[in-house]
Structure formats: structure tokens, C-alpha cells
Amino acid sequence: MRNYYIKVMQVTSLFLLTFLNINAQNEDRFKFENSQTIEEYVNTHALDFKNEDVFVFNDFEAFIKFNNEGYLAGPLVHVFNDKGLYLESIEPYEVEKKLSNFKKIKNKPSKKAILVDDWFNNLVNYKTQEPIVKKDKVDYYFVLNWALFLKKPDSVKELSKWYKVLQRQQTDRDENIHIVLLNMDFQDSWNMSKEKREHLLKVSNQ
Amino acid sequence: MKKLTLFLAILLVFINIKAQNINTETKPVLSFDVLSIDDLKQLVFSSKKKLKVVYFFKTGCPYNVESMPTINTFYKEQISNLDLFVVSFGNKKNKQYLQDYLFFKGYQIPVYIIDDSAIFNNKKYKRVVENLCDSCNQKSMGYADFFILDENNNLIVQSNCSQNLDEHIQILKSQLD
């Protein structure tokens, strides 16, 4: 229990550092989401996401690990190479040149590059709760970060265009890639107690 | 007699293959080749379509950025009724950039890059208009403007830079009625 609260405090401080404009929002930024609220958001904003490509963290620990490693930001695109080694994160200003031409993507992973398995092992489909099935023998793995808590529907709409570009890479250019739309929101499916949920929301929305 | 028949048959097959090759070369679905103005002229003039639209495009032109989705949709709908020649300017270095830009946007249009290395004029489209359309008033045109030629390469109508996108589309659609 003590470890749990230490983790919560860690995540809180990182949230505050990462999203300094939290306090500018009147409405609570962070909420617990589920397949229904995610679908409502997707439909409201006419996001052309395939259900089978949308994944969430399978538990709170996975979320914290992801956050503490500094990846909880969006919308942006993370890229892994054919061996599953992390290459880079593509910022919005460079998606056009890199997603339309994979030769422009950084091709050498760093010595401390993480593996795509480290992420995929902690992801489940937002609807079925089934673990992700990693495609083998692909040239790249693309993970597109998005969330309702970003409160930037226009940016997520932009991300849906990036998703379409990657889909066209598969259909029009026969690129062998694996695309994951990673929703980073807190999930009802984590089955946290009422007390823990309230505490997490309180510290996150401060 | 048998030999003559055989010879004629081979000749017919050869002519047919050659005709097919010419047809393929003169109407690429997507072209990113860097051409000279003369090459473009030959390409446009050899098209047998009743409507040939020559449209000027520059990625940095805000009006082009605004109008391109509409032009792209229009072309997809009317692909059987007209030939579209989207004309851009640059060199081999720009080719990849333009290709990436069009792919990212999802545009499915035939683009021809005119090699501008020998054009010492900041209004490069003027040179194209002068060469392809004697009757056009090039002074009133800019990027995102177009002119339409008939099958005999005579001017049917041109747009001008004082018109908005709706007016441009109306001009295009009026030719298809």
C-alpha cells in the first residue's frame, strides 16, 4: 500500500511537470474512461480509427511505468525498427516528411533503446481487453499516442490523419508495418478501488 | 500469299503493341517526372480528351493548399471526362519532397514538375502559359489558376486570380454540363 502511494505521488509530480497548463482547465482533465466513453469521443470527433488498432494500458502499473519513462505525451508517433528497438518519437512538425517517407526516419537505435515488447506486453485492446498480438516480420512498429485528457480534439484529429497516412503506406505502397493507436487515459478496467480512484483523480487534477 | 498474310498479321500485332505503348506513355496516372516546358506541351497537346485542364500548383501557396482537396475530389469524380495536368516547378531535388507531400495529403492527381533551372523569372507559370496557350491572358493568372483546352488545343476558358475557389469549381463544372 505504501509503495502504491509513493507511485501515485511520483506520477502526480510528473503530470504537473509535463502538463503545466492543468490548472488553466476549469473542468477536471483526468477522468477514468472505458470502451464506451472512448467510442463516444471517437464518434463525436469523427475519428476514423479501427477498433482493432486501439489499445490501452492493461493496469495502473503499466501506465506509471510508461509515464515515468517519459513517454506520456501526445499527440505524437513513436517508432520501433524491425527488431523492435526504439528509434525515435516523431513530433507533429516532422510527421509529414517522416510518415510519407520512411527513409527520413532515424535508422539507428540508441544503445539503451527499449524494446517494443516492453510496451506491447502491457497493452490490451480497449474493447475486448485482449492482449495485443505483435506482428512479426514487419519493418516498423508505429505507436500513436493520444488521449481524451489531452483536451485537444483538433490535435487528435490531426493524429487520425497520420494514422491514415500509415494505412496508405500499407495499402498503396505495400509497406509491412504494425500500427497501434495507444489511448493513454486512466481506465475503468483497471478495477481500482473507489478510494484509490478518487485519490488518483484528486492529485492528477490539482 | 501465306507469307504475305503472315507478314501482315505480324505487322498488325507490332502496330497494336506500339500504339498501346504510346497511349501508356502519354497518360500516366501519376507522374512525378521532371519535364521541360516542351515535354509538357507535347504531353498536353497529344491528349485526345475533349477537356484538358492545366492547373498550376505550388506547395507554399496558401490558395493552392486550400483548393487542392477540392481539385483532388473533382478529378476523382471526373477522371473519365477530362485530362488534368497539375503543373509544379522545381528540379530533381524537389521531386521527392513533392511526392511525399502529395502522398501525405492523400492526393491522387497527375503532377508534372517543370524544370525551372533555366527559367529566370519569378512568375514561372507565365512561361508555361505562353507556350501552351496563345489565347490565355497570363497577366491575370497565378498559382491555383488553370486554363482548359479542347481536343484541338484551343482555349475554352481560363480562370484568373480574382476568382475564389467556388468560382473556379463552377467554371470547371460548367464545362462538363
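Structural remarks
- A:GLU130 falls short on exactly one of the conditions (1) of a type in the set (Asp, Glu); (2) closer than 12 Å to A:PRO75 by Cβ; (3) away from chain B (no Cβ under 14 Å), and that condition is (2).
- Qualifying residue in the range B:141-149 (condition: touching a Cys at 6+ places or on another chain (Cβ under 8 Å), more than 14 Å from chain A (Cβ to nearest Cβ) and of a type in the set (Gly, Ala, Ser)): yes
- Residue tally, condition within 14 Å of chain A (Cβ to nearest Cβ) and within 14 Å of the chain's Cα centre (by Cα), over the range B:69-91: 1
- Residue under evaluation A:TYR93, criteria (1) among the hydroxyl-bearing types (Ser, Thr, Tyr); (2) surrounded by fewer than 15 Cβ atoms within 10 Å (Cβ to Cβ); (3) over 25 Å from B:GLN96 (Cα atoms), criterion not met: (3)
- Some residue of the range B:119-138 being assigned to a loop (DSSP other than H, G, I, E, B), out of contact with any Phe, Trp or Tyr (no Cβ under 9 Å at 6 or more places or on another chain) and within 14 Å of chain A (Cβ to nearest Cβ): no
- Any pair with Cβ under 8 angstrom, 6 or more apart, that starts in the range A:44-67 at a residue that is open to solvent by 70 Å² or more (accessible area, probe 1.4 Å) and ends at one that is of a type in the set (Gly, Ala, Ser): A:ASP48/A:SER160
- Residues in the range A:68-84 that are crowded, with 18+ Cβ neighbours inside 10 Å and at pLDDT 95 or above: A:VAL77, A:HIS78, A:VAL79, A:PHE80, A:ASN81, A:GLY84.
- Index of the failed condition, A:GLU158 passing every other in (1) touching a strand residue (DSSP E or B) at 6+ places or on another chain (Cβ under 9 Å); (2) surrounded by fewer than 18 Cβ atoms within 10 Å (Cβ to Cβ); (3) in contact (Cβ under 8 Å) with a residue 12 or more places away in the chain; (4) within 14 Å of chain B (Cβ to nearest Cβ): (1)
- The lone exception for A:GLN169 - which of (1) surrounded by fewer than 21 Cβ atoms within 10 Å (Cβ to Cβ); (2) in contact (Cβ under 8 Å) with a residue 60 or more places away in the chain it fails: (1)
- Criterion violated by A:ILE90 - all others in (1) touching a residue at least 24 places away in the same chain (Cβ under 8 Å); (2) within 27 Å of A:PHE186 (Cα to Cα); (3) within 14 Å of another protein chain (Cβ to nearest Cβ) satisfied: (1)
- A:PHE102 meets all of the listed conditions (1) out of contact with any Lys or Arg (no Cβ under 8 Å at 6 or more places or on another chain); (2) modelled with pLDDT under 95; (3) within 14 Å of another protein chain (Cβ to nearest Cβ) but one, namely (2).
- Among the conditions (1) surrounded by 14 or more Cβ atoms within 10 Å (Cβ to Cβ); (2) within 14 Å of chain B (Cβ to nearest Cβ), A:PRO109 misses just one, which is (2).
- Any hit, the range B:146-157, residues being under 20 Å from B:GLY60 (Cα atoms) and modelled with pLDDT of 90 or more: yes
- Within the range A:172-206, the set of residues being open to solvent by less than 80 Å² (accessible area, probe 1.4 Å) and within 14 Å of chain B (Cβ to nearest Cβ) comprises just one member, A:GLU175.
- Counting the residues of the range A:86-115 that are within 17 Å of the chain's Cα centre (by Cα) and either not aromatic (Phe, Trp, Tyr) or not in a strand (DSSP E or B) (or both) gives 9.
- A:PRO153 vs. criteria at pLDDT 95 or above and not hydrophobic (A, V, I, L, M, F, W, C): no
- Among the residues of the range A:170-184, those identified as out of contact with any strand residue (DSSP E or B) (no Cβ under 8 Å at 6 or more places or on another chain) and either of a type in the set (Lys, Arg) or assigned to a helix (DSSP H, G or I) (or both) are A:THR171, A:ASP172, A:ARG173.
- Some residue of the range B:92-106 being away from chain A (no Cβ under 14 Å) and not in a strand (DSSP E or B): yes
- Whenever a residue of the range B:71-94 is free of Cβ contacts under 8 Å to residues at least 60 places away in the same chain and among the hydrophobic types (A, V, I, L, M, F, W, C), it has no partner that is part of a loop (DSSP other than H, G, I, E, B) and open to solvent by 60 Å² or more (accessible area, probe 1.4 Å) lying with C-beta atoms less than 6 angstrom away and at least six residues away or across chains.
- For the range B:145-152, the condition of being under 20 Å from B:GLN78 (Cβ atoms), among the acidic types (Asp, Glu), open to solvent by 40 Å² or more (accessible area, probe 1.4 Å) and over 17 Å from the mean Cα position of the chain (by Cα) holds for none of the residues.
- In the range A:135-155, residue surrounded by the most Cβ atoms within 10 Å (Cβ to Cβ) [restricted to those that are assigned to a loop (DSSP other than H, G, I, E, B) and within 16 Å of the chain's Cα centre (by Cα)]: A:ALA147
The values are calculated or read from the model by the stated rules, or taken from the named source; none is laboratory data. All of these numbers come straight from a predicted model, not from anything done at the bench. FYI the Cβ positions are ideal-geometry reconstructions off the backbone, even for glycines, and counts take in every protein chain you see. Just so you know, the surface numbers come from the protein's heavy atoms only, side chains and all, with ligands and any DNA or RNA stripped out. Shrake-Rupley method; radii C 1.70, N 1.55, O 1.52, S 1.80 Å.
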